[in-house]
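Have a look at the structure below before the remarks.
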Amino acid sequence: MYLGFVNKKRENIPEPVVNKSRFGLLRVMGIVALVIVVMAFLSAWWVKHYIYASEFTPTVLTVKEQRVLDSKLARLESTGSKDPVVPQKKRQEKGAPLEPEPYSEEGAKREISLTEK
């Protein structure tokens, strides 16, 4: 766009066009304020959902869903829960089941030996 004025000699001299594509201080401060507000909302959302999460509510299955779940659990139990080391029959044949005993450090060696390496 040509903006000009007439000087004393009646010549058309164009006015310099001011480049308005630079960011002003007000625009930069507005962007910074917007970023701060967005980050505050995101932080509040994260704290609400991960730090102060709502109470857990268990899922209630329908009868059909419960039957499907039971059949899947039965398949899993029949294929993967076998103890290969000592089968249940051999555990019962050995006599009474093992009884737990309390932990004790009586008679334990309480010396530390340090070596240089």
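Only the coordinates and a few stated rules stand behind these numbers; no lab work does. Bear in mind that the values here come from a model prediction, so they are computed numbers and not experimental data. Cβ coordinates were reconstructed from backbone atoms using ideal geometry, including for glycine residues, and neighbour counts include every protein chain displayed.
Computed extension length for R67-K117: 11.6 nm, one decimal, from 0.36 nm per residue of separation with the Cα-Cα distance subtracted.
For the pair L25 and T79, label points projected 7 Å from Cα toward Cβ lie 7.2 nm apart.
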